[in-house]
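The values are calculated or read from the model by the stated rules, or taken from the named source; none is laboratory data. Everything numeric in this text was worked out from a predicted model, so none of it was measured. Note: ideal-geometry Cβ built from the backbone for every residue, glycine included; neighbour counts use all protein chains shown. For accessibility, only protein heavy atoms count, side chains too; no ligands or nucleic acids. Shrake-Rupley method; radii C 1.70, N 1.55, O 1.52, S 1.80 Å.
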Amino acid sequence: MKKIVFATNNIHKLSEVRAIAGPRLEIVSLSDIGCREELPETSDTLEGNARQKACYVRDHYGVDCFADDTGLMVDALGGAPGVYTARFAGPDCLPDDNIDLLLEKMHGVVDRRAEFRTVVALACADGSCRTWTGSVEGDIAADRQGDGGFGYDPVFIPRESGVSFAEMGPEAKNVISHRGRAIRAFIAEIDSI
């Protein structure tokens, strides 16, 4: 089994990615390798941020590492929050703050189309860095629906299901989610890397 570092300490993301990857990979977190510093995310693109994080860990800890960056692009908001999805309501905000701000901005808006997109970057010891992308189209709910998942899950309704990510079980969510699609594309090529 190949061991690889996932550039996160978010237990929800770590659990989700481990479930998607299954037994093919042993996925360890940043804390497992003693990395406790804040990773750089200064790019204006999801791909740039994913590459920055993966390359930082590889360069400072000498291990193969993959990182992801995810954005929620809402049509009526001109693609916002986009690259600022995790800090939409400010640098120290909580997920509920982000949802509150999104619902406030979407109040009374008819066009609720949105897309979730994840970019996964893998930085290897040979200096290479490759990326994979996954996305899912959906709509922003008028209010929170369900109590599962994390982040924007209670207000994102993928078109393929008709219910919010927060109303789906983890297995059902992983089949159609943006992160699930990006991770599966990455896993499908991991043996050739």
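Observations
- Value of [θ]222 nm, deg cm²/dmol, for the chain, DSSP H segments ≥ 4, -39500 (n - 2.57) each, nearest 500: -9000 deg cm²/dmol
- Using a probe of 1.4 Å on the protein chains alone, the accessible area found for D126 is around 120 Å².
- Binning all Cα-Cα separations of the chain at 5 Å, short to long from zero, yields these whole-percent fractions: 1, 8, 16, 21, 20, 15, 10, 5, 2, 0, 0.
- Each part reduced to its alpha carbon centroid, segment 48-109 and segment 161-193 end up 18 Å apart.
- Take S161: with every protein chain present and a 1.4 Å probe, its accessible area is about 50 Å².
- Net charge, A172 excluded, C-beta distance under 13 Å - Lys, Arg +1, Asp, Glu -1: -4
- Share antiparallel - DSSP beta bridges, segment 1-99, percent rounded to 5: 25 percent
- Note on segment 74-193: with charges restricted to the Cβ of Lys and Arg (+1) and Asp and Glu (-1), its dipole about the Cα centre is near 300 debye.
- Shape call, segment 71-171: gyration tensor on alpha carbons, a/c limit 1.5: prolate
- Built from the Cα atoms of segment 137-193, the convex hull projects on average onto 4.2 nm², one quarter of its surface area.
- Evaluated at q = 0.18 Å⁻¹: base-10 log I(q)/I(0), Debye formula over Cα of segment 1-96: -0.90
- What a 1.4 Å probe finds exposed on the chain is 49% carbon and sulfur by accessible area, rounded to a whole percent.
- Full-stretch length increase - R87, A125 - with 0.36 nm per residue and alpha-carbon distance subtracted: 10.6 nm
- Between V28 and H60, the modelled label-to-label distance comes to 1.7 nm, taking each label 7 Å out from Cα in the direction of the beta carbon.
- Distance distribution note for segment 1-40: the fraction of Cα pairs above 17 angstrom is 27%.
- The mean sequence separation of alpha-carbon pairs under 8 Å and at least six residues apart, normalised by the residue count of the chain, gives a relative contact order of 19 percent.
- Residues of segment 12-59: accessible area per residue with a 1.4 Å probe, Å²: 50 Å²
- Annotation: lysines with alpha-carbon distance below 17 angstrom to K173 (same-chain offsets under eight excluded): K13.
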